[in-house]
1. For Gln110 and Lys287, what is the calculated FRET efficiency with R₀ set at 30 Å and r taken between the beta-carbons, to the nearest 0.05?
2. Each residue of region 42-52 in order: what ³J(HN,Hα) in whole Hz does its phi give by Karplus 6.51 cos²θ - 1.76 cosθ + 1.60, θ = phi - 60°, with x for Gly and Pro?
3. Would you calculate the volume per residue, in Å³, of the smallest convex hull containing every Cα atom of region 106-169?
4. Length gain on complete extension for the stretch Lys16 to Thr129, per 0.36 nm per residue less the alpha carbon to alpha carbon distance?
5. Using amide H atoms built in the peptide plane, which far-off residues or other-chain residues are under 5 Å from Asn118 H to H?
6. How much solvent-accessible surface does Asp306 expose, in Å² to the nearest 10, with a 1.4 Å probe and all protein chains in place?
7. Please list 3J(HN,Hα) in residue order for region 134-147, calculated via the Karplus relation 6.51 cos²θ - 1.76 cosθ + 1.60 where θ = phi - 60°; whole Hz, with x for glycine and proline.
8. Any chance you could look up the accessible area of Lys305 with a 1.4 Å probe, heavy atoms only, rounded to 10 Å²?
Amino acid sequence: MSRLYDTIEPNVIDEKMLQKAVEEQGPQEELGQLAKREGIDYKDVIELQLDFRNILKIDNLWQFVNLTKLQLDNNIIEKIEALDSLVHLIWLDLSFNNIEVIEGLEALVQLQDLSLYNNRISKIENLDTLQELQVFSIGNNNLTALENVVYLRKFKNLRTLNLTGNPVCENEQYSLFIAAHLPDLVYLDFRLVDQNTQLDVIQNMSNFEIAESKLIKYNEDISQLSDTLMTLEMQTVDQLEVRGRSNATVLCFLTFFHTMAQCRDLENHHHEKLMENAINTLEKIVKSEFDEEMPDDVRLLFVDKDTIVNAVNASHDIHLLKIDNREDDIITKANSWSSSVHKNEISRNRNRVREVNQYIDHLQEELDNMESLEQME
């Protein structure tokens with residue numbers, strides 16, 4: 001994949017090579033001759049080409065503090081290093097070398113265009129500080145894990161990506177996966193991102209409803225439990241005397257709270273088992289030991305441990321929230337019902353008091369009539 005050592009002696013970037021490169025790339029007429037005689041200040045150099053020089057080791061670039069463009073392509077470089085002083089670098093070409101690990105780029109915070117094409121890289125990593133990155137070429141390397149591309153989601157300005165020539169491109173879901181995880185990408189592998197692919201992603205996202213089926217089932221079970229509890233409470237209250245109604249309500253509430261606690265315990269147990277199964281499945285996928293059929297959209301969740309753990313935890317939080325909301329709804333309805341029953345009892349008691357008062361008035365009237373008759377006699 002990468003260039004092997006030539007018969008030419010491997011080089012290290014030294015003062016002689018730098019001076020020659022700057023002179024070759026600078027003005028060649030009278031102004032260039034004057035610069036050669038008076039000496040060239042490397043701080044004034046903006047662009048530097050060091051390609052096709054059989055360079056094995058990067059070194060001695062610390063003087064080019066204002067460099068914005070650096071070409072180191074078509075050499076035999078094995079390690080990215082000695083670039084920390086090039087903080088103004090915008091464009092860097094390290095293609096056609098023998099690099100195996102992405103490293104040494106942390107200081108290049110203004111970098112917008114990076115080419116690592118045709119090297120020996122097997123993992124996209126150590127690019128966190130390159131938040132200005134817009135163009136990234138890492139084709140013709142050894143990338144095999146489709147999930148590793150998810151790392152590029154953190155680069156919000158990335159618009160052009162080249163992965164062509166990597167084993168990962170042979171995956172049937174390659175284009176769909178890239179479109180799903182990098183929705184702002186404009187060019188992929190030198191081609192405009194197909195709008196139809198993005199539409200397919202949106203349509204396939206609906207398949208996640210399968211993953212939510214358990215949540216729907218939980219919601220139905222809790223709703224049924226609520227109705228059953230309310231029915232039992234109504235039946236119990238109807239069978240008790242007025243004096244015992246408050247005790248029946250308390251008993252039903254205690255039963256209800258115990259049942260909701262059981263629901264939470266079941267959900268916590270389900271969450272633990274689901275997390276355990278998800279981690280085991282992820283490990284099998286990573287080791288290529290998972291042979292069972294899995295929907296493609298569900299497989300997208302198993303890109304890395306953080307993604308699947310976050311998905312399982314989010315599902316657990318939603319389930320607990322549903323239980324909490326259902327509990328609050330049942331309590332609200334029960335309180336409303338209890339208040340209504342209490343008001344009805346007060347109304348009945350008032351009617352009884354009114355009836356008793358009327359009966360007392362009637363007796364008083366009868367008594368007055370008897371006293372009147374006695375006086376007449």
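The values are calculated or read from the model by the stated rules, or taken from the named source; none is laboratory data. Note that the structure is a prediction, hence the values are computed from the model and not measured. Ideal geometry is used to build each Cβ from the backbone, glycine not excepted, and the neighbour counts take in all protein chains shown. Ligands, DNA and RNA are excluded from the accessible area calculation, which covers all protein heavy atoms including side chains. Shrake-Rupley method; radii C 1.70, N 1.55, O 1.52, S 1.80 Å.
1. On the way: r = 40 Å, r/R0 = 1.32.
Calculated transfer efficiency: 0.15.
2. Listing the rounded values in order: 4, 5, 8, 7, 9, 10, 9, 10, 10, 8, 6 Hz.
3. Values: hull volume 4.6 nm³, N = 64.
Residue-normalised Cα hull volume stands at 72 Å³.
4. Details: separation 113, 0.36 × 113 = 40.68 nm, distance 3.25 nm.
Full extension of this stretch gives 37.4 nm more.
5. Phe96, Gly139, Asn140, Asn141
6. Result for Asp306: roughly 110 Å² accessible.
7. For region 134-147, the Karplus-derived couplings read 10, 10, 9, 10, 9, x, 6, 10, 10, 6, 10, 8, 4, 5 Hz, x marking Gly and Pro.
8. Its heavy atoms expose roughly 120 Å² to the probe.
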